[in-house]
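The values are calculated or read from the model by the stated rules, or taken from the named source; none is laboratory data. Keep in mind that this is a model prediction, so the values were computed, not measured. Heads up, the Cβs are rebuilt from the backbone with ideal geometry, glycines too, and the neighbour counts pull from every protein chain shown. Side chains included, ligands, DNA and RNA excluded: accessible areas come from the protein's heavy atoms. Shrake-Rupley method; radii C 1.70, N 1.55, O 1.52, S 1.80 Å.
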Amino acid sequence: MADLKKKPGKKRKWNRDDTELTILAFPTAVWYLLFSFLPMFGIIIAFKKYTINGGFLHSILTSAWCGLDNFKFLFSSGDIWLILRNTILYNITFIILNIVVPVTMALLIGQIHNQRMAKVFQTAMFLPYFLSWVVVTALVWAFLSFDKGMLNNLMEGLGQDPKQWYMVPKLWPGFLIFMYLWKNLGYSMVVYLATITGIDKTYYEAACIDGASVWQQMKWVTLPLMRTVIIMMFIMAVGRIFYSDFGLFYQVPRDSNSLYNVTYTLDVFVYKQLMSSTTGMASAAAFVQSVAGCITILLANAVVRKVDRESAMI
């Protein structure tokens, strides 16, 4: 009977590998502690009537509590529904296009046999990702400026009247979507292209033996093996559905009042509230933004886990 008793497991001893891994992880842990967890203390600003009274910490502690007043004022504002509409609709469009277009481009570039040309195409598409929106704004202004813009100069050369492009709202939704794709296409494409590169070549050899064409190989081999990465990118994008690219929606349109209805998003709203010294409402909006983003990413992951458990993030 003594032999049938379960022997207690031995405790794992600390070894050199644990020390090296701990040292490697330490800077990252410190970074997250200082820049991700410590700033969460500022959440209490959303529940206070924040007034500047000396230093930052002293101002927080001495500001009067206002409960949920900042949230009530936020949702009673007539602009909040316009802001949410713009933010969500733009992000839904971005999520769809940022999967379909990069995946398509990655599949096409993966079929280029000339590796030098493939590298040229990858580099050309990836370069815009490194440009800041400040630089992109200057480039857009060089094209769309009323007085000296290249587009208006071309129109004048053709005998047409120049246009105030920053005062034509109906053109900007499509233009902003185009600018987003132009800047972010390269990054997403490289992620998917790396996934394609990592696929075992024996799958394609087996498909060729079975007589599969190039398009059939993409459909039945490449896309199914890319599914996990595509789903992961989708979940991460859904988690930011209440966020917007501040540079795209504020700097590129140059904060034009004429474009208010098509460029006013949640991040622009938070920035403007901070600039107008209504810090409490800006914090309340950012807090709602974070909570809503957390809920959406958990819901998206739960749906994916129901459909395909192996592709879920957690």
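Summary of values
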item: Failed item in (1) under 20 Å from Thr296 (Cβ atoms); (2) among the aliphatic types (A, V, I, L, M); (3) surrounded by fewer than 16 Cβ atoms within 10 Å (Cβ to Cβ), with Ile199 passing the rest; result: (1)
item: Yes/no for Asp255 being closer than 27 Å to Ile52 by Cβ and within 20 Å of the chain's Cα centre (by Cα); result: no
item: Meets criteria (of a type in the set (Phe, Trp, Tyr), open to solvent by less than 40 Å² (accessible area, probe 1.4 Å) and either under 17 Å from Val291 (Cβ atoms) or in contact (Cβ under 8 Å) with a residue 12 or more places away in the chain (or both)) for Phe47; result: no
item: Single unsatisfied condition, Asn153 versus (1) open to solvent by less than 50 Å² (accessible area, probe 1.4 Å); (2) out of contact with any helix residue (DSSP H, G or I) (no Cβ under 7 Å at 6 or more places or on another chain); (3) free of Cβ contacts under 8 Å to residues at least 24 places away in the same chain; result: (1)
item: Tally, over region 17-59, of residues that are β-branched (Val, Ile, Thr) and touching a strand residue (DSSP E or B) at 6+ places or on another chain (Cβ under 7 Å); result: 0
item: Residue within region 96-117 that is under 25 Å from Ser276 (Cα atoms), in contact (Cβ under 8 Å) with a residue 60 or more places away in the chain and either in contact with an Asp or Glu (Cβ under 9 Å, 6 or more places away or on another chain) or not in a helix (DSSP H, G or I) (or both) present; result: no
item: For Met232: the one exception among (1) touching a Ser or Thr at 6+ places or on another chain (Cβ under 8 Å); (2) assigned to a helix (DSSP H, G or I); (3) farther than 19 Å from Thr93 by Cα; (4) touching a residue at least 60 places away in the same chain (Cβ under 8 Å); result: (3)
item: Check on Ala302, open to solvent by less than 50 Å² (accessible area, probe 1.4 Å), free of Cβ contacts under 8 Å to residues at least 24 places away in the same chain and over 26 Å from Ile52 (Cβ atoms); result: yes
item: All positions within region 265-279 that are at pLDDT 85 or above and either open to solvent by 20 Å² or more (accessible area, probe 1.4 Å) or within 18 Å of Phe41 (Cα to Cα) (or both); result: Asp267, Val270, Tyr271, Lys272
item: Number of the condition not met by Leu248 [criteria: (1) modelled with pLDDT of 90 or more; (2) surrounded by fewer than 19 Cβ atoms within 10 Å (Cβ to Cβ); (3) not in a loop (DSSP other than H, G, I, E, B)]; result: (2)
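Residues are listed down the side, and each one gets a yes or a no for (1) farther than 23 Å from Gly239 by Cα; (2) among the β-branched types (Val, Ile, Thr); (3) at pLDDT 90 or above:
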position: Lys11; (1), (2), (3): yes, no, no
position: Asp17; (1), (2), (3): yes, no, no
position: Gly42; (1), (2), (3): no, no, no
position: Tyr50; (1), (2), (3): yes, no, no
position: Ile60; (1), (2), (3): yes, yes, no
position: Ser77; (1), (2), (3): yes, no, no
position: Ile96; (1), (2), (3): no, yes, yes
